[in-house]
1. How about region 26-102: which GluC sites (Glu not before Pro) there lie in a loop by DSSP and see at most 12 other Cβ atoms within 10 Å?
2. What does the charge count near Gly68 come to, summing +1 for each Lys or Arg and -1 for each Asp or Glu among other residues with Cβ under 13 Å from its Cβ?
3. Would you kindly derive the ³J(HN,Hα) couplings of region 22-29 from the backbone phi angles with the Karplus curve 6.51 cos²θ - 1.76 cosθ + 1.60 (θ = phi - 60°), listing them in order in whole Hz, with x for Gly and Pro?
4. For the chain, what is the per residue volume of the convex hull drawn over the alpha-carbon atoms, in cubic angstrom?
5. Given +1 on the Cβ of Lys and Arg, -1 on the Cβ of Asp and Glu, and no further charges, what dipole in debye does the chain carry about its Cα centre, rounded to the nearest 20?
6. Run the accessible area of the chain with a 1.4 Å probe and give the carbon-and-sulfur part as a rounded percent.
7. Which of the listed residues, Ala41, His161, Leu59, is farthest toward the dipole's positive end in region 26-180, when Lys, Arg count +1 and Asp, Glu count -1 at the beta-carbon?
8. Give, to the nearest whole percent, the P(r) tail of region 91-137 beyond 14 angstrom, counting all Cα pairs.
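The values are calculated or read from the model by the stated rules, or taken from the named source; none is laboratory data. Keep in mind it's a predicted model, so treat the numbers as computed, not measured. Note that each Cβ is placed from the backbone with ideal geometry, even for glycine, and that neighbours are counted across all protein chains shown. Just the protein is used for accessible areas: all its heavy atoms, side chains included, with ligands, DNA and RNA removed. Shrake-Rupley method; radii C 1.70, N 1.55, O 1.52, S 1.80 Å.
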Amino acid sequence: MRVEPAPGNLTFTSQAIRPHTDNPYRDPVPTVQLLHCLRAAGEGGDTGLVDGFAAAAELRAADAESFGTLTRTPVPFGYIDNETELRASLPLIQLSPSGRVRGVRFNNRSTRPLRRPYAEVTAFYTAYRRWAELLAQPGRQLNLRLAPGDCLVFDNTRVLHARTAFSLDAGSPGRHLQGCYADLDGLASTLAILSRSGNHGREESR
């Protein structure tokens, strides 16, 4: 994500971006996300993080009906350009077989129209508004100032990320973050291998 002074550039903007998860139009969705700061903005441009699981737990306790609607309603997401066409349809809050929250998806830029009976659509958007308001509460967001060389690693199926607005004028060098994704199960496998008896001693003897 490289943002430089460019009038009319709507794809990469210096405006604030609200909390969201990435790539909800993929199935499976990318899990581990890495953001490597190569160049920070002069002022602003802080990265915000929101714990989606904590927000879902609060919604479940305060508004069980909205929570249930969001766990039952498949939401269509899509991304289309000249070389790519990706679609997925899954609930905004996903549960495990035991009823525990196992993943959240939230990205209004990728959401497609919900084509269901009127009563279901009305109930969904009522719940959606409640969920969006909950996620946008300022006290729920942790803001971090990434400096060049910092790498932020988080779970894209649990943590929503955002960005505060920043200054971008003719004298500004811009802001440059390099992002990539990895699989959570691959990370779990690596940790399991490293925790096996004998591996610690092998690392220490190098």
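1. The qualifying sites are Glu43, Glu83.
2. Values: positive: Arg60, Arg72, Arg130; negative: Asp63, Glu65, Glu120.
Result for the local shell: 0.
3. Karplus values, whole Hz, x for Gly and Pro: 8, 6, x, 7, 9, 9, x, 7.
4. Values: hull volume 35.6 nm³, N = 206.
Roughly 173 Å³ of hull volume per residue.
5. For this selection, approximately 380 debye.
6. Taking all protein chains in place, the chain shows 52 percent carbon and sulfur surface.
7. Going by the charge dipole, the pick is Leu59.
8. More than 14 Å apart: 62 percent of the Cα pairs in region 91-137.
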